[in-house]
Amino acid sequence: MNLYPTILTDSVEVFVRQASLAQSLEGVEIIQVDIIDGRFADNMTISPADIAGFDFGELQLDFHLMVEEPLDYLNEIIEYKEQLPTRAVIAQVERMSSQLEFINQAKDVKIKAGFSLDLFTPFSAIEKDILSKLDVIQLMSIEAGFQGQKFDQKIFQKIKEINQIKKELELNFELVIDGGIKEAQLKQLKNLQVDAVAVGSWLWKNDKPQSVAESVITS
């Protein structure tokens, strides 16, 4: 599986420290930057504009938008596109005004479009005619908004259901799991054909972050 180190912070200083650490990890090519607006969840982070001056080197960015209107933040990412090496923008579907417009705007500027489903949001929240257009589907194994929560085992059944739909409809999206992930869950996630995991607390609080990367990548 791929490892996407996840940065959720309201501090540019913390962002720089964690992004610099991610750059040093062998096998890590993408980091996920969490953007929260204080309305989707009772939490507030940096914005895309805040990090436009950072030297990302070879790293690519996935933005995870936990916001009231993802289109607003997509436009900000597009505005700073030359300074933000963005691979994908993954938005929570729960507050999105237009799923199709979000996808079209991302793809118009060659950014992969993804949707994220909160822990208790059913797969049916994604409009059926949208599914074939998505590059990424991310499932939250916690409730979106805060790092440090415990991984919820209910996600395993949700993954199985989505894998069945993916097979039946012959879809080709990347499946990412985000939230509370530790080494104990890696084998089962790998067996369920998860493509990548977004990891925050387990990585940043570990004395040997490279060992976390190796655990995920070699699982």
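Computed from the coordinates by the stated procedures, all read-outs in this text should not be read as laboratory data. Note that the structure is predicted; figures quoted are calculated from it, not measured. No Cβ is skipped: glycine too gets one built from the backbone with ideal geometry, and neighbour counts run over all protein chains shown.
With K and R counted +1 and D and E -1, the other residues having a Cβ less than 12 Å from that of S141 yield a net charge of 0.
Counted residue by residue at 0.36 nm each, then reduced by the alpha carbon distance between them, the extension gain from R39 to S97 reaches 19.4 nm. For the chain, the mean residue ellipticity at 222 nm estimated from helices alone is -9000 deg cm²/dmol, where every DSSP H run of n ≥ 4 contributes -39500 (n - 2.57) and the total is divided by all residues, rounded to the nearest 500. Within a straight-line Cα-Cα reach of under 26 Å, K158 can be paired with the following lysines, leaving aside sequence neighbours fewer than 8 residues apart in one chain: K112, K128, K133, K150, K166, K167, K182, K187, K190. Just how many % of Cα pairs in the chain lie over 22 Å apart, if you round to the nearest whole percent? Tail fraction, whole percent: 46. If the chain linking L131 and F54 were pulled fully straight, counting 0.36 nm for each residue of separation and taking away their Cα-Cα distance, it would gain 24.4 nm. Extension gain for the segment N75 to S20, taken as residue separation times 0.36 nm less the Cα-Cα distance, is 17.2 nm to one decimal.
Sorting the segments 181-191, 33-43 by their mean number of nearby beta carbons within 10 angstrom, highest to lowest, gives 33-43, 181-191.
For N104 and K182, the FRET efficiency from 1/(1 + (r/R0)^6), where r spans their Cβ atoms and R0 equals 30 Å, is about 0.20. Across segment 124-219, the relative contact order, built from alpha-carbon pairs under 8 Å that are at least six residues apart, equals 29 percent.
Just check segment 1-120 against the gyration tensor rule for me: Cα atoms, a ≥ b ≥ c as the square roots of the eigenvalues, rounded for a/c under 1.5, and otherwise prolate or oblate depending on whether a/b exceeds b/c. Prolate, because a/c is 1.5 or more and a/b exceeds b/c.
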